[in-house]
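Written out below as structure tokens is the structure these notes cover.
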Amino acid sequence: MSITVLYFASLRDAAGVASETLPLPDSLPALYESLRARHGFALARDRLRVAMDGEFVAWDTPPREGAEVAFIPPVSGG
Amino acid sequence: MSITVLYFASLRDAAGVASETLPLPDSLPALYESLRARHGFALARDRLRVAMDGEFVAWDTPPREGAEVAFIPPVSGG
Amino acid sequence: MKRFALSDAAFDVAPLRQRLLSPRAGAFASFEGWVRDHHGGRGVLGLRYEAYAALAEAEGERILAEAVQRFDIVDAACLHRTGELAIGELAVWVGASAAHRGPAFDACRWIIDEVKSRVPIWKHERYAGGDAEWLHPS
Amino acid sequence: MKRFALSDAAFDVAPLRQRLLSPRAGAFASFEGWVRDHHGGRGVLGLRYEAYAALAEAEGERILAEAVQRFDIVDAACLHRTGELAIGELAVWVGASAAHRGPAFDACRWIIDEVKSRVPIWKHERYAGGDAEWLHPS
């Protein structure tokens, strides 16, 4: 029962890895808060969007076994 | 004591020539009205602008001896 | 350097764009007018643009100089075709470079609007029905 | 046919523009974002774009499909660079073709605004002072 978390931009720099596999969490907010505490992410959760398996999802979407989860910091393309 | 008049677009088609040399007229409006009567121009004077020697001028500008006068029908570039 | 020009032959947009590249510019907006196969519900076979060249060039330069004053842009340019054009051919090109995208878009749009309303160039359209006419929009 | 793409190498705009040519289109508006030598008063030496590719491509396609629904255009496309870019390099290209210039401009501007706010691409800037940072605009 695990998920994969992808890190991008400042989150990847802070985590020091591009991805990691973690036990299936209770919720996406709980997952972000625990990772934020562990890696020292500067960005508060309300500044991020979250995606699961390559699609944006609501923060209250239940984490799926085996899913690829990505926290999306404010974007700066263009 | 003469001027040269240039014709463009529908005015040239109606006049049948691209330019003609005419006696110096009393005024630019009088010149246009006489040409309109002679060539059967469809466009009323208030739809045109007028240029003298390659610059737009006001309709009450006195015609200059030797000037090149052009009546500018509504434009349709772009 | 002149910013506005007429061309009596087809032209390539790449060198026009190239001239506006600048390390200060983060944004570049451009507009192209192409000859469309229809107008006001009628099929169009082709068209001809005629210009009063001396005045068109002077008025075009004035528009581009005004644009550089009026908008926060690095530079801008415009080129307009004259002569016979087929469907799909490029009739006019406008480009504007700026630090930011807002002024680049605004200047580009303002320039094409001014060119269409002020520069002495006239379009003669040939229609599918065999007739043809000069466009003198009111 | 895909309307949005990422490219990890420099690209030429000519084939992108070519794909949008159409006999029905009388207007074509395009936008290019170039790497600027300054940002917020600081000298910029270069930058890197990183994308969450799968999501960026899906979200980019959604934006282009929305643009075609929302505006009276013939077609539109967008290409965004990833990887290391030098000053003056092309970062993003947007093009929109339409019967008339209003929708072409409006769609082009809307697309770049949406891409900048919604597509998961991040800019990492290197400054003249030796420092560097990820941009996460609030």
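What follows is calculated from the coordinates using simple rules that are stated; it is not laboratory data. Keep in mind it's a predicted model, so treat the numbers as computed, not measured. Heads up, the Cβs are rebuilt from the backbone with ideal geometry, glycines too, and the neighbour counts pull from every protein chain shown.
Points worth noting:
- Note on region D:5-39: residues that are touching a strand residue (DSSP E or B) at 6+ places or on another chain (Cβ under 7 Å), within 22 Å of D:Gly102 (Cα to Cα) and more than 9 Å from every other protein chain (Cβ to nearest Cβ) amount to 3.
- Residues in region D:49-65 that are in contact (Cβ under 8 Å) with a residue 24 or more places away in the chain and either of a type in the set (Gly, Ala, Ser) or surrounded by fewer than 17 Cβ atoms within 10 Å (Cβ to Cβ) (or both): D:Ala51, D:Ala53, D:Ala56, D:Gly60, D:Glu61, D:Ala65.
- Output for region B:1-18, where each listed residue is within 14 Å of chain C (Cβ to nearest Cβ) and free of Cβ contacts under 8 Å to residues at least 40 places away in the same chain: B:Arg12, B:Asp13, B:Ala14, B:Ala15, B:Ala18
Residue by residue, here is whether (1) more than 9 Å from every other protein chain (Cβ to nearest Cβ); (2) surrounded by 23 or more Cβ atoms within 10 Å (Cβ to Cβ) holds:
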| position | (1), (2) |
| --- | --- |
| D:Gln69 | yes, no |
| D:Gly88 | no, no |
| D:Ala104 | no, yes |
| D:Cys108 | no, yes |
| D:Glu114 | yes, no |
| D:Arg118 | no, no |
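- Residue check for C:Ser138: facing another protein chain (nearest Cβ under 9 Å), in a loop (DSSP other than H, G, I, E, B) and either more than 18 Å from the chain's Cα centre (by Cα) or buried (at least 22 other Cβ atoms within 10 Å of the Cβ) (or both): yes
- Checked against (1) within 21 Å of C:His136 (Cα to Cα); (2) touching a residue at least 24 places away in the same chain (Cβ under 8 Å), B:Pro25 passes all but a single condition, namely (1).
- Within region C:52-101, the only residue that satisfies the criterion of being on the phi > 0 side of the Ramachandran plot and part of a strand (DSSP E or B) is C:Gly83.
- Qualifying positions in region A:37-59 - away from chain D (no Cβ under 14 Å) and under 11 Å from the mean Cα position of the chain (by Cα): A:Trp59
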